[in-house]
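These notes are about the structure you will find just below.
The values are calculated or read from the model by the stated rules, or taken from the named source; none is laboratory data. The shown structure was predicted, so the numbers you read here are calculated from the model rather than taken from an experiment. Cβ sites come from the backbone with ideal geometry, for glycine too, and all protein chains shown count toward neighbours.
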Amino acid sequence: MKFVSSSDSLDSFEFSILGYGKATTTWRDRNRLQCRFSTLWRQKADTQSARLQTWEVKRLLSGLRSLWNKATTHVALTFSEPGLSMAAKALPDDEYRLQIQLGHNLTPSWHEYPDFPLEMDILLSRNQLQQAIQELSGQVETYPER
């Protein structure tokens, strides 16, 4: 799923599921997904890896669908382990503002203040949000909860 800002900045945030995480001895970890987060912000690129649970990704997908279906006007999600927070808000004229905060393990190496999270603000059109939902749906279907 890739979000490319419709503003002049062309900042982007991409989330991809690479596969299931390594098998461990605990049954809780069987639904851990290895994910990649790529950012392009102010013409600087970075890619980091982190693990999320399948239920967290489904919660993200459900929130984005609710926003697109106009069942809600605001969605906020926090993923504790990699230090990722996302908030999405419906704006007038079928536009959406996605605010992403990258902290802890996901802070880009070029970030001027590595002790503080990087905050990205991305504007999306209704079609861009729909495309991102479709991409994430396909990834979730490929790596379902086991």
So, in region 59-99, exactly how many residues are among the basic types (Lys, Arg) and crowded, with 17+ Cβ neighbours inside 10 Å? 1
In region 113-146, which residues are touching a Lys or Arg at 6+ places or on another chain (Cβ under 8 Å) and farther than 23 Å from residue 90 by Cβ? 145, 146
Any residue in region 88-98 that is at pLDDT below 95 and either closer than 22 Å to residue 143 by Cβ or small (Gly, Ala, Ser) (or both)? no
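Residues are listed down the side, and each one gets a yes or a no for (1) in a strand (DSSP E or B); (2) at pLDDT 90 or above:
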residue: 29; (1), (2): no, no
residue: 33; (1), (2): yes, yes
residue: 56; (1), (2): no, yes
residue: 63; (1), (2): no, yes
residue: 71; (1), (2): no, yes
residue: 78; (1), (2): yes, yes
residue: 86; (1), (2): yes, yes
residue: 105; (1), (2): no, no
residue: 114; (1), (2): no, no
From 145, 141, which residue is outside any strand (DSSP E or B), at pLDDT 90 or above and of a type in the set (Asp, Glu)? 141
Using the structure shown, decide if residue 135 is under 22 Å from residue 10 (Cα atoms), in a helix (DSSP H, G or I) and not small (Gly, Ala, Ser). yes
Restricting to region 46-58, and then to whatever is of a type in the set (S, T, N, Q) and surrounded by 15 or more Cβ atoms within 10 Å (Cβ to Cβ), can you tell me which residue is farthest from residue 30 (Cα to Cα)? 48
Residues of region 60-83 satisfying the condition of being of a type in the set (Ser, Thr, Tyr) and within 11 Å of the chain's Cα centre (by Cα): 78
Listed residues 45, 88; which is closer than 21 Å to residue 123 by Cα, free of Cβ contacts under 8 Å to residues at least 24 places away in the same chain and either in contact with a Phe, Trp or Tyr (Cβ under 8 Å, 6 or more places away or on another chain) or not charged (D, E, K, R) (or both)? 45
Give me the residue from region 2-13 that is surrounded by fewer than 18 Cβ atoms within 10 Å (Cβ to Cβ) and over 9 Å from the mean Cα position of the chain (by Cα) and, out of that set, modelled with the lowest pLDDT. 8
Search region 88-103 for residues being part of a strand (DSSP E or B) and of a type in the set (D, E, K, R), and hand back the single one that is nearest to residue 16 (Cα to Cα). 97
Confirm whether residue 16 is at pLDDT below 90, touching a helix residue (DSSP H, G or I) at 6+ places or on another chain (Cβ under 8 Å) and closer than 29 Å to residue 91 by Cβ. no
